[in-house]
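The values are calculated or read from the model by the stated rules, or taken from the named source; none is laboratory data. On a predicted model such as this, the values are computed, not experimentally measured, just so you know. Glycine also receives a Cβ, built like all others from the backbone with ideal geometry; neighbour counts cover every protein chain displayed. Accessible surface areas use protein heavy atoms only, side chains included; no ligands, DNA or RNA. Shrake-Rupley method; radii C 1.70, N 1.55, O 1.52, S 1.80 Å.
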Amino acid sequence: MILEILKYPDKRLRTIAKPVQEVNSEIKKQVKDMFETMYAAPGIGLAATQVDFHQRLIVIDVSEECNEPLCLINPEIIEKSGEIEYEEGCLSVPNYYENVKRSNEIKVSALNELGQPFEIDADETLAVCIQHEMDHLNGILFVDHLSKLKQKRLKKKAEKQSKKL
Ligand code: K2U
Ligand code: ZN
């Protein structure tokens with residue numbers, strides 16, 4: 001089912017997600033619902049924190065045909081190099097895009113949706129997306145990487161937005 005995506009500056013987006021203890025049927029249902037929610041947004045990534053589920057679980061699909069689903073449970077970056085600047089957006093911070101600098105190549109270890117450990121070498125968009133989603137699990141939003149001035153302006157705009165609704 002489609003889940004509700006929390007919107008900035010919702011405090012729940014600042015929660016630190018806990019490691020997944022066991023990839024049981026509850027986790028498998030959560031993965032399924034997060035993929036459905038991500039494709040419907042549409043988005044190329046979604047972290048459990050954004051749908052108010054505070055465990056370390058990410059779904060991603062950066063493919064053109066939206067047919068390469070990637071699920072990362074308890075992801076850890078074990079190597080990183082290079083630097084890439086990418087104009088990022090966020091489903092929790094609608095209509096706001098800014099350049100963010102991140103590592104361009106990363107090696108990530110995680111469990112897949114069956115609970116099996118695997119490693120992935122990512123670069124470019126996939127590397128950016130994985131780092132963006134892993135930030136979510138640590139309560140970090142891409143806007144936190146921006147200047148204080150830009151954050152102040154954005155917060156005022158977002159609060160005005162939510163008052164109007
Ligand atoms: O909110 C999210 O975590 C979904 C993000 C993931 C993402 C952010 C920045 C760069 C890459 C991925 C996206 O907003 S999903 C929307 C989107 C779709 C296509 C290209 C870029 C962003
Ligand atoms: Zn995001």
query: What GluC sites (Glu not before Pro) in the range 7-78 are in a loop by DSSP, with at most 12 other Cβ atoms within 10 Å of the Cβ?
result: 22, 64, 65
message: If I stretch the segment between residue 10 and residue 148 completely, what's the gain in nm (0.36 nm per residue apart, minus their alpha carbon distance), one decimal?
response: 47.8 nm
task: May I ask for the Rg/Rh ratio of the chain, computed from Cα atoms with Rh as the Kirkwood radius, given to two decimals?
output: 0.95
message: Give the lysines reachable from residue 80 as a straight Cα distance under 24 Å; neighbours fewer than 8 places away on the same chain don't count.
response: 18, 101, 107
field: Whole-number percent relative contact order across the range 55-126, with pairs defined as alpha carbons under 8 Å at least 6 apart
entry: 28 percent
message: Report the gain in length on full extension from residue 112 to residue 65: 0.36 nm times residue separation, minus Cα-Cα distance, nm rounded to one decimal.
response: 14.8 nm
- request: Any aspartates and glutamates with Cα under 12 Å of the residue 29 Cα? List them, leaving off those in the same chain fewer than 8 positions away.
  value: 113
- request: Express the relative contact order of the range 11-164 as a whole percentage, based on alpha carbon pairs under 8 Å and six or more residues apart in sequence.
  value: 23 percent
- prompt: Net charge near residue 121, counting Lys/Arg +1 and Asp/Glu -1 over other residues with Cβ under 10 Å of its Cβ?
  reply: -3
query: So how exposed is residue 56, as accessible area in Å² (1.4 Å probe, rounded to 10)?
result: 40 Å²
Lysines with Cα under 24 Å of residue 164, excluding same-chain neighbours fewer than 8 positions away: 7, 11, 150, 152, 155, 156
Options 59, 75, 146, ranked by Cα towards positive dipole end of the range 48-165, top entry (Cβ charges): 146
- prompt: If packing is taken as the mean number of other Cβ atoms within 10 Å per residue, what is the order of 101-110, 125-134, 3-12, 79-88, highest first?
  reply: 125-134, 101-110, 3-12, 79-88
